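Engineer: Quick one: the structure is below, questions incoming.
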Amino acid sequence: MKYIIEIPGDVQYVLLNGKADNKYYTAVRPIAELEELNSDYINEHFGELQDEAYQAGLNDMWDVVRKISLMTSAEAEEVFAGAGSYNRYNLGYSGVEAMDAYKAYLEKKDCIEVGDEVQAPRGKAIITAVKDDFVHYFYSDGDIGCIEPYHVTKTGKHYDIQSILEAMKS
């Protein structure tokens with residue numbers, strides 16, 4: 001078994017207590033005999049895990065780039081609000097900064113709930129369901145829609161349609 005422990009710089013030995021074959025033992029090991037956890041050790045023993053994590057990070061970044069590229073300029077500007085000026089062709093942000101801005105934007109958008117009034121593609125609409133990665137809504141003329149939440153903007157108004165929807169179920 002392997003464990004990671006922090007050892008102060010002035011410690012020279014580690015004392016190990018254990019039990020094997022119904023016998024108790026104590027062992028003293030010099031720090032110099034222990035393998036230090038450093039980048040060489042990590043690369044040698046966990047290189048494949050690092051490669052998988054790196055690939056997952058690239059995939060996550062590409063997903064964010066794709067989603068931002070599908071946004072309108074106004075939506076993309078909202079993602080980067082407060083982070084400086086936005087230019088679709090030269091963001092001027094690192095990948096980490098762009099992902100952080102997008103995650104913050106989604107957290108704000110994730111607050112969309114049934115009954116919220118939103119600005120949808122054709123005008124104001126009311127959210128009727130929030131499922132998976134989509135919000136469902138209806139317009140005042142009865143038309144309905146379903147779209148990813150970053151394509152709608154909350155107006156700040158909320159209607160208690162949840163109780164109406166519940167009454168319709170019974």
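Engineer: Could you pull out the residue among D116, D132 that is under 24 Å from S69 (Cβ atoms) and acidic (D, E)?
Structural biologist: Working: D116 fails: under 24 Å from S69 (Cβ atoms).
That would be D132, the only listed residue that is under 24 Å from S69 (Cβ atoms) and acidic (D, E).
Engineer: Looking only at the stretch 97-113, count how many residues are over 22 Å from V65 (Cβ atoms) and surrounded by 17 or more Cβ atoms within 10 Å (Cβ to Cβ). Reasoning before the result, please.
Structural biologist: So the first thing to find is which residues in the stretch 97-113 are over 22 Å from V65 (Cβ atoms), and the list is 111-113.
Next, from what is left, pick out any that are surrounded by 17 or more Cβ atoms within 10 Å (Cβ to Cβ): 112.
The total comes to 1.
Engineer: A further question follows. Just give me the residues in the stretch 123-170 being surrounded by 11 or more Cβ atoms within 10 Å (Cβ to Cβ) and of a type in the set (K, R), in sequence order.
Structural biologist: Across the stretch 123-170, the qualifying residues are K124, K154, K157.
Engineer: Is it the case that E75 is under 26 Å from E97 (Cβ atoms), surrounded by 10 or more Cβ atoms within 10 Å (Cβ to Cβ) and either in contact with a helix residue (DSSP H, G or I) (Cβ under 8 Å, 6 or more places away or on another chain) or not assigned by TED's automatic domain parsing to the domain that holds G95 (or both)? Break it down into steps so the answer makes sense when it comes.
Structural biologist: Numbers: under 26 Å from E97 (Cβ atoms): yes; surrounded by 10 or more Cβ atoms within 10 Å (Cβ to Cβ): yes; either in contact with a helix residue (DSSP H, G or I) (Cβ under 8 Å, 6 or more places away or on another chain) or not assigned by TED's automatic domain parsing to the domain that holds G95 (or both): yes.
So E75 passes the test.
Engineer: Among the helices (runs of 4 or more DSSP H) lying completely within the stretch 30-143, list those that include at least 2 residues that are modelled with pLDDT under 90 and within 30 Å of K2 (Cα to Cα). Reasoning before the result, please.
Structural biologist: Details: elements: 39-69, 73-79, 95-109.
Filter on the stretch 30-143 gives 39-69.
Engineer: Can you pull out the residues in the stretch 106-126 that are touching a helix residue (DSSP H, G or I) at 6+ places or on another chain (Cβ under 8 Å) and in contact (Cβ under 8 Å) with a residue 40 or more places away in the chain?
Structural biologist: Residues of the stretch 106-126 touching a helix residue (DSSP H, G or I) at 6+ places or on another chain (Cβ under 8 Å): 106, 109-110, 112, 114-115, 120-121.
Once the filter is applied, which keeps residues that are touching a helix residue (DSSP H, G or I) at 6+ places or on another chain (Cβ under 8 Å) and in contact (Cβ under 8 Å) with a residue 40 or more places away in the chain, the stretch 106-126 yields L106, K109, I112, V114, G115.
Engineer: Of the residues that sit in the stretch 27-71 and are in contact (Cβ under 8 Å) with a residue 12 or more places away in the chain and among the β-branched types (V, I, T), which one is surrounded by the fewest Cβ atoms within 10 Å (Cβ to Cβ)?
Structural biologist: V28
Engineer: Further, regarding this structure: Within the stretch 2-14, does at least one residue satisfy the condition of being more than 30 Å from T153 (Cα to Cα), part of a helix (DSSP H, G or I) and charged (D, E, K, R)?
Structural biologist: Within the stretch 2-14, the subset more than 30 Å from T153 (Cα to Cα) is 2-14.
Right, trim to part of a helix (DSSP H, G or I) and you get none.
Looking through the stretch 2-14, none of the residues is more than 30 Å from T153 (Cα to Cα), part of a helix (DSSP H, G or I) and charged (D, E, K, R).
Engineer: Something else: Condition first: over 30 Å from Q50 (Cβ atoms) and surrounded by 10 or more Cβ atoms within 10 Å (Cβ to Cβ). Now tell me which residues in the stretch 13-26 satisfy that.
Structural biologist: Start the filter on the stretch 13-26 by keeping residues that are over 30 Å from Q50 (Cβ atoms), which leaves 13, 15, 17-26.
Y13, Y25, listed by residue number.
The values are calculated or read from the model by the stated rules, or taken from the named source; none is laboratory data. Computed from a predicted structure; not experimentally measured. In this analysis, Cβ positions are derived from the backbone assuming ideal geometry, glycine residues included, and neighbour counts consider all displayed protein chains.
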